[in-house]
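The values are calculated or read from the model by the stated rules, or taken from the named source; none is laboratory data. On a predicted model such as this, the values are computed, not experimentally measured, just so you know. Glycine also receives a Cβ, built like all others from the backbone with ideal geometry; neighbour counts cover every protein chain displayed. Each accessible area value is taken on the protein alone, full model and side chains, heavy atoms only, with ligands, DNA and RNA left out. Shrake-Rupley method; radii C 1.70, N 1.55, O 1.52, S 1.80 Å.
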Amino acid sequence: MSLPIAVLVSGSGSNLQSIIDRIEQGVLDAEIKLVISNKARAFGIERAKKHNIPYKVLLHTEFRSREDFDQAMVDAITEAGVGEDGLVVMAGFMRIVTPVFLSAFANRVINIHPALLPSFPGVDGQGDAADYGVKIAGCTVHFVEEKMDHGPVIIQAAVPCQAGEDGNELSPRILKMEHRIFPQAIQWYAEGRLKVNDRHVDLRVSGKRCAGQPKADLEPSTYALVWPPLEEGF
Ligand code: GRF
């Protein structure tokens, strides 16, 4: 059976689209049971409509407390059929969730963050990294804990940051990698290959820990990025 998932969005939903695309290509074995947006005009909702995926707009402004809002999300997700065997995916969802939400889906909520955590948590990871002047930026998929942008890391991708670049220039390069690592993380979860030991997430192959097996045609620079590039002899 495909992994039942709920996807939470607040904006453009390009990460949602990457998940839809991978499912439609048959490489991600998941079924999106529900898309929730906390913004009425989030383009993510249009993407859900286009692909006949059930969706719900829950405006956080219409709830008395964060807890009430979270409970409404829990109810909607559960009713949609994402239970004990499912996963909740925060894809550009710009809300902090409370224990009401996390206890309903214990260890079953993942998020994508556009920075190499633990560096640059918060709402503008790309801008903060660019302003800091990093040479390597990136993105992180992690399990969600109460503390924001803090849970165990599943996968990260690094991308170069050019001198003088601002967050807007850096963002598309990071986003491109978000679209690759997020569906991959979900597929690993679907295959039951992620084992969480405290802060460490092991990726398993046949029940054993593995260091990761890059695709045969993957350029070494794709999975071992040093930027600026090393020169001859080093
Ligand atoms: C992404 O960069 C995500 O990491 C961040 O917000 C952006 C959302 O993009 N949290 P999209 O809505 O998936 O296009």
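Structure data summary
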read-out	value
For residue 119: the one exception among (1) under 27 Å from residue 2 (Cβ atoms); (2) surrounded by fewer than 18 Cβ atoms within 10 Å (Cβ to Cβ)	(1)
Of residues in the range 1-60 being of a type in the set (Asp, Glu) and within 16 Å of the ligand (Cβ to nearest atom), the one nearest to the chain's Cα centre (by Cα)	21
Condition check for residue 23: over 17 Å from residue 182 (Cα atoms) and among the aliphatic types (A, V, I, L, M)	no
Subset of the range 173-205 that is in a helix (DSSP H, G or I) and more than 19 Å from residue 88 (Cα to Cα) - its residue that is least open to solvent (accessible area, probe 1.4 Å)	174
Candidate set from the range 151-172 (those that are more than 13 Å from the chain's Cα centre (by Cα) and open to solvent by 60 Å² or more (accessible area, probe 1.4 Å)); member that is nearest to the ligand (Cβ to nearest atom)	172
Those residues of the range 190-206 which are farther than 24 Å from residue 5 by Cβ and without any contact (Cβ under 8 Å) to a residue 12 or more places away in the chain, in sequence order	206
Count - residues of the range 24-57 that are touching a strand residue (DSSP E or B) at 6+ places or on another chain (Cβ under 6 Å) and not acidic (Asp, Glu)	17
Residues of the range 88-101 that turn out to be surrounded by 20 or more Cβ atoms within 10 Å (Cβ to Cβ) and over 23 Å from residue 43 (Cβ atoms), as a count	1
Matching residues in the range 102-116 - criterion: being among the small types (Gly, Ala, Ser) and either within 14 Å of the ligand (Cβ to nearest atom) or open to solvent by less than 10 Å² (accessible area, probe 1.4 Å) (or both)	115
Condition met for residue 124 (open to solvent by 40 Å² or more (accessible area, probe 1.4 Å), within 12 Å of the ligand (Cβ to nearest atom) and among the charged types (D, E, K, R))	yes
Residue in the range 64-84 that is surrounded by fewer than 22 Cβ atoms within 10 Å (Cβ to Cβ) and at pLDDT below 95 present	yes
Subset of the range 34-60 (residues that are open to solvent by 70 Å² or more (accessible area, probe 1.4 Å) and either among the charged types (D, E, K, R) or modelled with pLDDT under 95 (or both))	39, 41, 46, 49, 50, 56
